[in-house]
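Just below is one structure, and these are the notes that go with it.
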Amino acid sequence: MNIQNIGSIPNITNQITIGTPQAGFRCDPSAAATSSSGTSQGSARLLHLDLSDRKGYREDYSIRDAAEGLWKKENFDFNIFDPTSIQRMQDRVRQGSYTMKPTDEELSAYLDTLRQNGLDGSVDWTGLTQELEAFKTTTPEELEDGLDYLASRYVAARDKLERNYTGEELTAQLAKLEEVYQAGKSGMIDGYTQTLQDNLGLSESDAQAVRDSFSTILAEKEETYRGALKQVHEAVEQTGPDSVWLKNHDAYIASQLRAADKAGQSEARYSVQDLAAAGQIAQSYRTEIFDASFCGRNEATLALGLSLADMKAETMISKGLVSENMAALLRNSRAQGHENALTALDQALAQRESHLAPGEPKGTFAPVDRSVFQGIYDATLNAFRQNGGDGAGAIRAGASYGQSITAQATARNPQALRWGINMESYWKNFYTAPDAKEVSPLEKSVNRLMEQIGKPSSLGSSAYQKYADSWRDFLAAIGGGGLNIKA
(Lines give C-alpha, C1' and ligand atoms only; values in the text may rest on other atoms or scores of the structure.)
Protein backbone atom coordinates (compact mmCIF):
# COMPACT_ATOMS: atom_id res chain seq x y z
CA MET A 1 0.00 0.00 0.00
CA ASN A 2 1.21 3.47 -0.80
CA ILE A 3 0.49 6.32 1.60
CA GLN A 4 1.28 9.49 -0.22
CA ASN A 5 -1.47 12.16 -0.16
CA ILE A 6 -4.29 12.54 2.33
CA GLY A 7 -4.53 16.23 1.74
CA SER A 8 -1.41 18.25 2.42
CA ILE A 9 -2.68 21.11 0.26
CA PRO A 10 -6.00 21.35 2.12
CA ASN A 11 -3.98 21.47 5.35
CA ILE A 12 -2.17 24.55 4.07
CA THR A 13 -5.28 26.33 2.90
CA ASN A 14 -7.10 25.57 6.13
CA GLN A 15 -4.84 28.18 7.70
CA ILE A 16 -6.80 30.70 5.65
CA THR A 17 -10.20 29.15 5.00
CA ILE A 18 -10.84 27.72 8.46
CA GLY A 19 -8.16 29.53 10.41
CA THR A 20 -9.61 33.02 10.30
CA PRO A 21 -9.99 34.59 13.75
CA GLN A 22 -12.78 32.66 15.43
CA ALA A 23 -15.52 33.89 17.69
CA GLY A 24 -14.39 37.45 18.15
CA PHE A 25 -10.68 36.80 18.45
CA ARG A 26 -8.57 39.86 17.70
CA CYS A 27 -4.88 39.47 18.11
CA ASP A 28 -1.76 41.20 16.79
CA PRO A 29 0.31 38.49 15.03
CA SER A 30 3.44 40.04 16.53
CA ALA A 31 2.07 39.14 19.93
CA ALA A 32 1.56 35.48 19.11
CA ALA A 33 3.31 32.75 21.03
CA THR A 34 6.61 31.80 19.46
CA SER A 35 7.88 29.01 21.66
CA SER A 36 6.62 26.18 19.45
CA SER A 37 9.15 25.33 16.78
CA GLY A 38 6.38 23.48 14.97
CA THR A 39 4.70 26.75 14.09
CA SER A 40 7.80 28.24 12.59
CA GLN A 41 8.27 25.09 10.55
CA GLY A 42 4.71 25.48 9.31
CA SER A 43 5.37 28.91 7.88
CA ALA A 44 8.80 27.95 6.61
CA ARG A 45 7.28 25.07 4.66
CA LEU A 46 5.16 27.48 2.66
CA LEU A 47 8.23 29.53 1.75
CA HIS A 48 10.56 26.63 0.95
CA LEU A 49 12.00 26.68 -2.55
CA ASP A 50 13.92 23.69 -3.84
CA LEU A 51 16.82 24.93 -5.96
CA SER A 52 18.83 21.72 -5.66
CA ASP A 53 18.34 20.45 -9.26
CA ARG A 54 17.65 16.87 -8.17
CA LYS A 55 18.37 14.63 -11.13
CA GLY A 56 15.63 12.17 -12.02
CA TYR A 57 13.72 12.84 -8.82
CA ARG A 58 10.15 11.50 -9.10
CA GLU A 59 10.44 11.34 -12.88
CA ASP A 60 12.24 9.47 -15.64
CA TYR A 61 15.83 10.51 -16.30
CA SER A 62 16.82 9.74 -19.87
CA ILE A 63 20.21 9.78 -21.58
CA ARG A 64 19.19 13.06 -23.17
CA ASP A 65 18.30 14.48 -19.74
CA ALA A 66 21.71 13.48 -18.44
CA ALA A 67 23.50 15.09 -21.39
CA GLU A 68 21.42 18.26 -21.17
CA GLY A 69 22.24 18.54 -17.49
CA LEU A 70 25.95 18.37 -18.17
CA TRP A 71 25.66 20.86 -21.03
CA LYS A 72 23.76 23.33 -18.85
CA LYS A 73 26.32 23.05 -16.09
CA GLU A 74 29.13 23.89 -18.50
CA ASN A 75 27.29 26.61 -20.40
CA PHE A 76 24.75 28.10 -18.01
CA ASP A 77 26.12 27.80 -14.54
CA PHE A 78 24.91 31.37 -14.14
CA ASN A 79 26.56 33.66 -11.61
CA ILE A 80 25.44 37.27 -11.43
CA PHE A 81 28.87 38.26 -10.09
CA ASP A 82 30.79 36.55 -12.89
CA PRO A 83 31.23 38.72 -16.03
CA THR A 84 31.93 35.65 -18.18
CA SER A 85 28.70 34.03 -17.02
CA ILE A 86 26.75 37.20 -17.73
CA GLN A 87 28.30 37.46 -21.17
CA ARG A 88 27.27 33.88 -22.00
CA MET A 89 23.68 34.69 -21.11
CA GLN A 90 23.68 37.92 -23.11
CA ASP A 91 25.12 36.18 -26.16
CA ARG A 92 22.42 33.54 -25.92
CA VAL A 93 19.67 36.15 -25.84
CA ARG A 94 21.16 37.94 -28.83
CA GLN A 95 21.00 34.67 -30.75
CA GLY A 96 17.27 34.58 -30.11
CA SER A 97 17.30 31.82 -27.47
CA TYR A 98 15.64 32.65 -24.18
CA THR A 99 15.94 29.21 -22.58
CA MET A 100 18.72 27.39 -20.84
CA LYS A 101 18.25 24.30 -22.99
CA PRO A 102 20.59 23.39 -25.83
CA THR A 103 19.34 23.27 -29.38
CA ASP A 104 19.33 19.89 -31.09
CA GLU A 105 22.47 20.88 -32.96
CA GLU A 106 24.24 21.99 -29.79
CA LEU A 107 23.28 18.81 -27.96
CA SER A 108 24.37 16.61 -30.86
CA ALA A 109 27.79 18.23 -30.96
CA TYR A 110 28.08 17.98 -27.17
CA LEU A 111 27.17 14.28 -27.23
CA ASP A 112 29.92 13.68 -29.80
CA THR A 113 32.40 15.20 -27.37
CA LEU A 114 31.09 13.11 -24.46
CA ARG A 115 31.28 9.92 -26.51
CA GLN A 116 34.85 10.67 -27.45
CA ASN A 117 36.22 11.89 -24.15
CA GLY A 118 33.90 10.35 -21.56
CA LEU A 119 33.65 11.68 -18.00
CA ASP A 120 36.30 11.52 -15.32
CA GLY A 121 35.73 9.72 -12.03
CA SER A 122 35.31 12.78 -9.84
CA VAL A 123 32.14 13.67 -7.93
CA ASP A 124 30.56 17.11 -8.11
CA TRP A 125 30.64 17.65 -4.37
CA THR A 126 28.93 21.04 -4.45
CA GLY A 127 26.07 19.74 -6.56
CA LEU A 128 25.65 16.54 -4.56
CA THR A 129 25.69 18.46 -1.29
CA GLN A 130 22.95 20.80 -2.51
CA GLU A 131 20.84 17.89 -3.71
CA LEU A 132 20.99 16.05 -0.40
CA GLU A 133 20.60 19.17 1.73
CA ALA A 134 17.26 19.84 0.01
CA PHE A 135 15.73 16.89 1.88
CA LYS A 136 15.90 18.71 5.22
CA THR A 137 12.30 19.76 4.65
CA THR A 138 10.94 16.49 3.28
CA THR A 139 7.14 16.25 3.33
CA PRO A 140 5.13 13.04 3.76
CA GLU A 141 4.37 13.15 0.03
CA GLU A 142 8.09 13.16 -0.76
CA LEU A 143 9.22 10.72 1.89
CA GLU A 144 9.56 7.42 0.03
CA ASP A 145 10.96 9.02 -3.11
CA GLY A 146 13.34 11.07 -0.99
CA LEU A 147 14.68 8.01 0.82
CA ASP A 148 15.15 6.23 -2.51
CA TYR A 149 16.97 9.24 -3.91
CA LEU A 150 19.34 9.58 -0.96
CA ALA A 151 20.29 5.92 -0.91
CA SER A 152 20.68 5.56 -4.69
CA ARG A 153 22.80 8.70 -5.03
CA TYR A 154 25.08 7.47 -2.28
CA VAL A 155 25.49 3.98 -3.75
CA ALA A 156 26.09 5.32 -7.27
CA ALA A 157 28.63 7.90 -6.11
CA ARG A 158 30.50 5.35 -4.01
CA ASP A 159 30.58 2.90 -6.91
CA LYS A 160 31.96 5.60 -9.19
CA LEU A 161 34.74 6.47 -6.75
CA GLU A 162 35.68 2.84 -6.19
CA ARG A 163 36.00 2.29 -9.94
CA ASN A 164 38.16 5.36 -10.54
CA TYR A 165 40.39 5.80 -7.49
CA THR A 166 42.74 3.64 -5.45
CA GLY A 167 44.82 3.81 -2.30
CA GLU A 168 44.95 6.96 -0.20
CA GLU A 169 43.16 9.00 -2.83
CA LEU A 170 40.21 6.61 -2.74
CA THR A 171 40.21 6.72 1.06
CA ALA A 172 40.05 10.52 1.01
CA GLN A 173 37.30 10.59 -1.60
CA LEU A 174 35.19 8.04 0.29
CA ALA A 175 35.61 10.03 3.50
CA LYS A 176 34.29 13.10 1.72
CA LEU A 177 31.34 11.11 0.40
CA GLU A 178 30.49 9.83 3.88
CA GLU A 179 30.60 13.39 5.21
CA VAL A 180 28.22 14.67 2.53
CA TYR A 181 25.89 11.67 2.77
CA GLN A 182 25.72 11.66 6.55
CA ALA A 183 24.88 15.37 6.51
CA GLY A 184 22.08 14.74 4.00
CA LYS A 185 20.75 11.78 5.98
CA SER A 186 20.83 13.66 9.26
CA GLY A 187 19.09 16.64 7.70
CA MET A 188 16.20 14.52 6.47
CA ILE A 189 15.91 12.31 9.54
CA ASP A 190 16.23 15.08 12.12
CA GLY A 191 13.96 17.47 10.23
CA TYR A 192 11.16 14.96 9.75
CA THR A 193 11.45 13.57 13.28
CA GLN A 194 11.39 17.07 14.77
CA THR A 195 8.17 17.82 12.89
CA LEU A 196 6.56 14.72 14.38
CA GLN A 197 7.90 15.48 17.85
CA ASP A 198 6.88 19.15 17.88
CA ASN A 199 3.36 18.60 16.59
CA LEU A 200 2.34 15.10 17.67
CA GLY A 201 4.07 15.37 21.03
CA LEU A 202 6.34 12.33 20.69
CA SER A 203 8.36 11.33 23.71
CA GLU A 204 12.13 11.34 23.34
CA SER A 205 12.19 7.54 23.25
CA ASP A 206 9.56 7.48 20.49
CA ALA A 207 11.48 10.12 18.56
CA GLN A 208 14.63 8.02 18.80
CA ALA A 209 12.70 4.99 17.54
CA VAL A 210 11.64 7.08 14.53
CA ARG A 211 15.26 8.07 13.86
CA ASP A 212 16.38 4.46 14.19
CA SER A 213 13.68 3.37 11.74
CA PHE A 214 14.90 5.90 9.19
CA SER A 215 18.47 4.63 9.56
CA THR A 216 17.37 1.02 9.14
CA ILE A 217 15.27 1.81 6.07
CA LEU A 218 18.13 3.70 4.40
CA ALA A 219 20.60 0.90 5.15
CA GLU A 220 18.19 -1.60 3.58
CA LYS A 221 17.78 0.56 0.49
CA GLU A 222 21.55 0.97 0.15
CA GLU A 223 21.95 -2.80 0.24
CA THR A 224 19.23 -3.25 -2.38
CA TYR A 225 20.83 -0.73 -4.72
CA ARG A 226 24.29 -2.25 -4.30
CA GLY A 227 22.77 -5.51 -5.39
CA ALA A 228 21.39 -3.87 -8.53
CA LEU A 229 24.68 -2.26 -9.63
CA LYS A 230 25.77 -5.15 -11.83
CA GLN A 231 22.43 -5.21 -13.64
CA VAL A 232 22.53 -1.44 -14.23
CA HIS A 233 26.10 -1.42 -15.50
CA GLU A 234 25.27 -4.25 -17.91
CA ALA A 235 22.36 -2.18 -19.22
CA VAL A 236 24.61 0.87 -19.61
CA GLU A 237 27.05 -1.19 -21.67
CA GLN A 238 24.21 -1.79 -24.12
CA THR A 239 23.82 1.93 -24.83
CA GLY A 240 26.57 1.83 -27.46
CA PRO A 241 28.81 4.89 -27.70
CA ASP A 242 27.00 6.60 -24.81
CA SER A 243 28.31 3.95 -22.40
CA VAL A 244 31.69 5.73 -22.53
CA TRP A 245 30.37 8.63 -20.49
CA LEU A 246 27.24 7.23 -18.84
CA LYS A 247 29.22 4.75 -16.74
CA ASN A 248 30.71 7.70 -14.83
CA HIS A 249 27.54 9.77 -14.68
CA ASP A 250 26.64 8.90 -11.10
CA ALA A 251 23.28 10.73 -11.14
CA TYR A 252 22.21 8.72 -14.20
CA ILE A 253 23.39 5.46 -12.62
CA ALA A 254 21.41 6.39 -9.47
CA SER A 255 18.26 6.98 -11.52
CA GLN A 256 18.63 3.57 -13.13
CA LEU A 257 19.13 1.94 -9.72
CA ARG A 258 15.85 3.46 -8.56
CA ALA A 259 14.12 2.16 -11.68
CA ALA A 260 15.71 -1.30 -11.40
CA ASP A 261 14.78 -2.33 -7.89
CA LYS A 262 12.90 -1.47 -4.72
CA ALA A 263 13.68 -2.66 -1.22
CA GLY A 264 11.43 -5.41 0.10
CA GLN A 265 9.85 -5.79 3.53
CA SER A 266 11.63 -3.60 6.04
CA GLU A 267 12.84 -4.73 9.45
CA ALA A 268 12.43 -1.20 10.81
CA ARG A 269 10.07 -0.62 13.73
CA TYR A 270 8.18 1.93 11.64
CA SER A 271 7.82 1.45 7.88
CA VAL A 272 7.96 4.22 5.29
CA GLN A 273 4.17 4.01 5.10
CA ASP A 274 3.96 4.41 8.89
CA LEU A 275 6.20 7.46 8.82
CA ALA A 276 4.30 9.04 5.92
CA ALA A 277 1.00 8.54 7.73
CA ALA A 278 2.39 10.08 10.91
CA GLY A 279 3.68 13.00 8.89
CA GLN A 280 0.24 13.64 7.43
CA ILE A 281 -1.35 13.70 10.88
CA ALA A 282 1.46 15.96 12.09
CA GLN A 283 0.68 18.39 9.26
CA SER A 284 -2.92 18.64 10.49
CA TYR A 285 -1.73 19.21 14.06
CA ARG A 286 0.76 21.82 12.88
CA THR A 287 -2.02 23.79 11.18
CA GLU A 288 -4.00 23.85 14.42
CA ILE A 289 -0.98 24.80 16.55
CA PHE A 290 0.11 27.47 14.09
CA ASP A 291 -3.32 29.08 13.96
CA ALA A 292 -3.74 28.88 17.73
CA SER A 293 -0.48 30.77 18.08
CA PHE A 294 -1.92 33.58 15.97
CA CYS A 295 -5.37 33.64 17.58
CA GLY A 296 -6.91 31.81 14.65
CA ARG A 297 -8.36 29.10 16.89
CA ASN A 298 -10.18 28.88 20.22
CA GLU A 299 -10.88 25.88 22.42
CA ALA A 300 -13.96 24.87 20.39
CA THR A 301 -12.40 25.10 16.94
CA LEU A 302 -9.21 23.43 18.18
CA ALA A 303 -11.32 20.54 19.44
CA LEU A 304 -13.03 20.11 16.08
CA GLY A 305 -9.80 20.40 14.10
CA LEU A 306 -7.81 17.97 16.22
CA SER A 307 -10.71 15.52 16.46
CA LEU A 308 -10.87 15.48 12.64
CA ALA A 309 -7.14 14.67 12.49
CA ASP A 310 -7.50 11.95 15.11
CA MET A 311 -10.52 10.41 13.36
CA LYS A 312 -8.37 10.13 10.24
CA ALA A 313 -5.67 8.44 12.28
CA GLU A 314 -8.16 6.03 13.82
CA THR A 315 -9.52 5.19 10.37
CA MET A 316 -6.03 4.39 9.08
CA ILE A 317 -5.45 2.22 12.12
CA SER A 318 -8.74 0.34 11.73
CA LYS A 319 -8.07 -0.32 8.05
CA GLY A 320 -4.60 -1.69 8.77
CA LEU A 321 -2.88 1.09 6.84
CA VAL A 322 -0.32 1.55 9.62
CA SER A 323 1.43 -1.00 11.78
CA GLU A 324 0.51 -1.80 15.37
CA ASN A 325 3.69 -0.01 16.44
CA MET A 326 2.67 3.18 14.67
CA ALA A 327 -0.89 2.88 15.98
CA ALA A 328 0.51 2.80 19.51
CA LEU A 329 2.75 5.81 18.84
CA LEU A 330 -0.10 7.91 17.45
CA ARG A 331 -2.42 7.05 20.31
CA ASN A 332 0.12 7.36 23.10
CA SER A 333 1.34 10.77 21.93
CA ARG A 334 -2.14 12.20 21.36
CA ALA A 335 -2.61 13.80 24.77
CA GLN A 336 0.71 15.61 24.51
CA GLY A 337 -0.13 16.78 21.00
CA HIS A 338 -3.36 18.27 22.32
CA GLU A 339 -1.45 19.91 25.15
CA ASN A 340 0.97 21.48 22.66
CA ALA A 341 -1.95 23.09 20.83
CA LEU A 342 -3.64 24.29 24.02
CA THR A 343 -0.36 25.70 25.31
CA ALA A 344 0.13 27.65 22.09
CA LEU A 345 -3.36 29.09 22.45
CA ASP A 346 -2.86 29.88 26.15
CA GLN A 347 0.37 31.73 25.42
CA ALA A 348 -1.30 33.76 22.67
CA LEU A 349 -4.15 34.68 25.02
CA ALA A 350 -1.77 35.63 27.83
CA GLN A 351 0.27 37.79 25.47
CA ARG A 352 -2.84 39.57 24.23
CA GLU A 353 -4.20 39.97 27.76
CA SER A 354 -0.97 41.69 28.76
CA HIS A 355 -1.49 44.25 25.98
CA LEU A 356 -5.15 45.17 26.39
CA ALA A 357 -6.43 48.05 24.28
CA PRO A 358 -7.93 51.07 26.01
CA GLY A 359 -11.37 50.19 27.25
CA GLU A 360 -10.86 46.41 27.18
CA PRO A 361 -11.62 45.00 30.66
CA LYS A 362 -9.37 42.56 32.47
CA GLY A 363 -10.18 39.02 31.39
CA THR A 364 -11.01 39.96 27.80
CA PHE A 365 -8.55 37.26 26.79
CA ALA A 366 -9.12 34.87 29.66
CA PRO A 367 -6.87 31.78 29.93
CA VAL A 368 -7.70 28.58 28.07
CA ASP A 369 -10.75 26.72 29.33
CA ARG A 370 -9.65 23.12 28.90
CA SER A 371 -13.08 21.78 29.81
CA VAL A 372 -14.47 23.30 26.61
CA PHE A 373 -11.80 21.67 24.47
CA GLN A 374 -12.10 18.28 26.15
CA GLY A 375 -15.87 18.29 26.17
CA ILE A 376 -16.21 18.97 22.45
CA TYR A 377 -13.35 16.63 21.56
CA ASP A 378 -14.83 13.77 23.60
CA ALA A 379 -18.32 14.36 22.17
CA THR A 380 -16.92 14.21 18.64
CA LEU A 381 -14.82 11.08 19.14
CA ASN A 382 -17.59 9.30 21.05
CA ALA A 383 -19.99 9.98 18.18
CA PHE A 384 -17.39 8.70 15.73
CA ARG A 385 -17.07 5.42 17.63
CA GLN A 386 -20.83 5.02 17.89
CA ASN A 387 -21.83 5.95 14.33
CA GLY A 388 -19.59 3.47 12.55
CA GLY A 389 -16.78 5.86 11.65
CA ASP A 390 -18.68 8.73 10.02
CA GLY A 391 -16.31 11.67 10.53
CA ALA A 392 -18.66 14.30 9.12
CA GLY A 393 -21.48 13.06 11.35
CA ALA A 394 -19.15 13.18 14.34
CA ILE A 395 -18.27 16.79 13.57
CA ARG A 396 -21.99 17.60 13.61
CA ALA A 397 -22.30 15.95 17.01
CA GLY A 398 -19.31 17.88 18.32
CA ALA A 399 -20.75 21.15 17.06
CA SER A 400 -24.09 20.40 18.69
CA TYR A 401 -22.46 19.76 22.04
CA GLY A 402 -20.22 22.77 21.50
CA GLN A 403 -23.18 25.13 21.60
CA SER A 404 -24.08 24.12 25.15
CA ILE A 405 -20.58 23.89 26.60
CA THR A 406 -19.49 27.26 25.15
CA ALA A 407 -22.64 28.78 26.66
CA GLN A 408 -21.42 27.45 30.01
CA ALA A 409 -18.02 29.02 29.33
CA THR A 410 -19.76 32.33 28.70
CA ALA A 411 -21.46 32.08 32.09
CA ARG A 412 -18.11 31.41 33.77
CA ASN A 413 -16.22 34.14 31.90
CA PRO A 414 -18.74 36.66 30.52
CA GLN A 415 -15.99 39.18 29.88
CA ALA A 416 -14.02 36.83 27.58
CA LEU A 417 -14.27 38.18 24.05
CA ARG A 418 -14.29 34.79 22.38
CA TRP A 419 -17.45 33.63 24.17
CA GLY A 420 -20.88 35.21 24.35
CA ILE A 421 -22.33 36.71 21.19
CA ASN A 422 -19.25 35.93 19.12
CA MET A 423 -19.43 32.22 19.82
CA GLU A 424 -23.21 32.22 19.41
CA SER A 425 -22.76 33.75 15.96
CA TYR A 426 -20.18 31.14 15.05
CA TRP A 427 -22.50 28.24 15.86
CA LYS A 428 -25.49 29.96 14.26
CA ASN A 429 -23.57 30.24 10.99
CA PHE A 430 -21.73 26.91 11.28
CA TYR A 431 -23.75 25.37 8.44
CA THR A 432 -24.25 28.57 6.46
CA ALA A 433 -22.05 29.53 3.51
CA PRO A 434 -20.78 33.12 3.73
CA ASP A 435 -21.86 35.78 1.29
CA ALA A 436 -19.39 36.34 -1.55
CA LYS A 437 -18.80 39.87 -0.25
CA GLU A 438 -17.64 38.43 3.07
CA VAL A 439 -14.83 36.40 1.47
CA SER A 440 -11.46 38.11 1.77
CA PRO A 441 -9.29 38.89 -1.28
CA LEU A 442 -6.59 36.58 0.12
CA GLU A 443 -9.03 33.67 0.34
CA LYS A 444 -10.20 34.35 -3.22
CA SER A 445 -6.60 34.29 -4.47
CA VAL A 446 -5.84 31.03 -2.68
CA ASN A 447 -8.95 29.39 -4.06
CA ARG A 448 -8.08 30.46 -7.60
CA LEU A 449 -4.70 28.82 -7.12
CA MET A 450 -6.35 25.64 -5.85
CA GLU A 451 -8.63 25.51 -8.87
CA GLN A 452 -5.66 25.93 -11.22
CA ILE A 453 -3.99 22.84 -9.78
CA GLY A 454 -7.17 20.78 -9.94
CA LYS A 455 -8.21 21.02 -6.29
CA PRO A 456 -11.84 21.75 -5.38
CA SER A 457 -12.49 25.30 -4.26
CA SER A 458 -13.78 25.94 -0.76
CA LEU A 459 -14.77 29.49 -1.64
CA GLY A 460 -18.10 30.27 -0.06
CA SER A 461 -18.22 27.03 1.93
CA SER A 462 -19.57 26.95 5.45
CA ALA A 463 -17.32 26.01 8.36
CA TYR A 464 -19.02 22.62 8.52
CA GLN A 465 -18.67 22.04 4.78
CA LYS A 466 -14.92 22.52 4.99
CA TYR A 467 -14.68 19.80 7.63
CA ALA A 468 -16.96 17.55 5.60
CA ASP A 469 -14.96 18.14 2.41
CA SER A 470 -11.72 17.31 4.20
CA TRP A 471 -13.24 14.08 5.46
CA ARG A 472 -14.59 13.21 2.01
CA ASP A 473 -11.19 13.82 0.39
CA PHE A 474 -9.53 11.65 3.02
CA LEU A 475 -11.90 8.77 2.37
CA ALA A 476 -11.32 9.09 -1.37
CA ALA A 477 -7.57 8.91 -0.80
CA ILE A 478 -7.81 5.69 1.18
CA GLY A 479 -10.37 4.08 -1.11
CA GLY A 480 -9.64 0.46 -1.92
CA GLY A 481 -7.75 -0.13 1.29
CA GLY A 482 -4.64 1.80 0.33
CA LEU A 483 -3.68 5.37 0.97
CA ASN A 484 -2.35 7.22 -2.05
CA ILE A 485 -0.44 10.34 -1.09
CA LYS A 486 0.82 10.94 -4.62
CA ALA A 487 -2.59 11.20 -6.28
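The values are calculated or read from the model by the stated rules, or taken from the named source; none is laboratory data. Quick caveat, the model's predicted, so the values are computed rather than measured. Note that each Cβ is placed from the backbone with ideal geometry, even for glycine, and that neighbours are counted across all protein chains shown. Note: accessible area is taken over every heavy atom of the protein model, side chains too, but ligands, DNA and RNA are not part of it. Shrake-Rupley method; radii C 1.70, N 1.55, O 1.52, S 1.80 Å.
Coupling constants for segment 135-142 follow from the phi torsions by the Karplus curve (6.51 cos²θ - 1.76 cosθ + 1.60, θ = phi - 60°), and in residue order they are 8, 4, 10, 5, 9, x, 5, 8 Hz; glycine and proline get x. Residue by residue, segment 186-203 carries 3J(HN,Hα) couplings of 4, x, 5, 4, 5, x, 5, 5, 5, 4, 5, 5, 5, 9, 8, x, 4, 6 Hz when phi is fed to the Karplus relation 6.51 cos²θ - 1.76 cosθ + 1.60 (θ = phi - 60°); x denotes Gly or Pro.
Multiplying the residue separation of LYS428 and GLU223 by 0.36 nm and removing their Cα-Cα distance gives an extension gain of 67.9 nm.
Potential lengthening of the chain between ALA175 and GLN208 amounts to 9.3 nm, from the contour at 0.36 nm per residue minus the alpha-carbon distance.
When only Cα pairs below 8 angstrom with a gap of at least 6 residues are kept, segment 181-295 shows a relative contact order of 38 percent.
For ASP104 and ASP435, a Förster radius of 60 Å and the Cβ-Cβ distance give a FRET efficiency of 0.60, rounded to the nearest 0.05.
Round to a whole number: what % of the accessible area of segment 189-289 belongs to carbon and sulfur, probe 1.4 Å?
That share works out to 45 percent.
Dividing the mean sequence gap of close Cα pairs (under 8 Å, 6+ apart) by how many residues segment 380-434 holds gives a relative contact order of 23 percent.
Placing R0 at 41 angstrom, the Cβ-Cβ distance between LEU356 and ASP190 gives a FRET efficiency of 0.50 after rounding to 0.05. On the beta carbon distance between GLN336 and GLU162, with R0 = 41 Å, the FRET formula returns roughly 0.30. Couplings 3J(HN,Hα) for segment 295-301, derived from phi with the Karplus relation 6.51 cos²θ - 1.76 cosθ + 1.60 (θ = phi - 60°), are 6, x, 9, 10, 4, 5, 6 Hz, where x marks Gly and Pro. In plain terms, the chain from ARG115 to GLU74 could stretch by 13.1 nm, reckoned as 0.36 nm per residue minus the Cα-Cα distance.
Carbon and sulfur: what percent of segment 303-408's accessible surface (1.4 Å probe)?
About 49 percent, which is the carbon plus sulfur part of the accessible surface.
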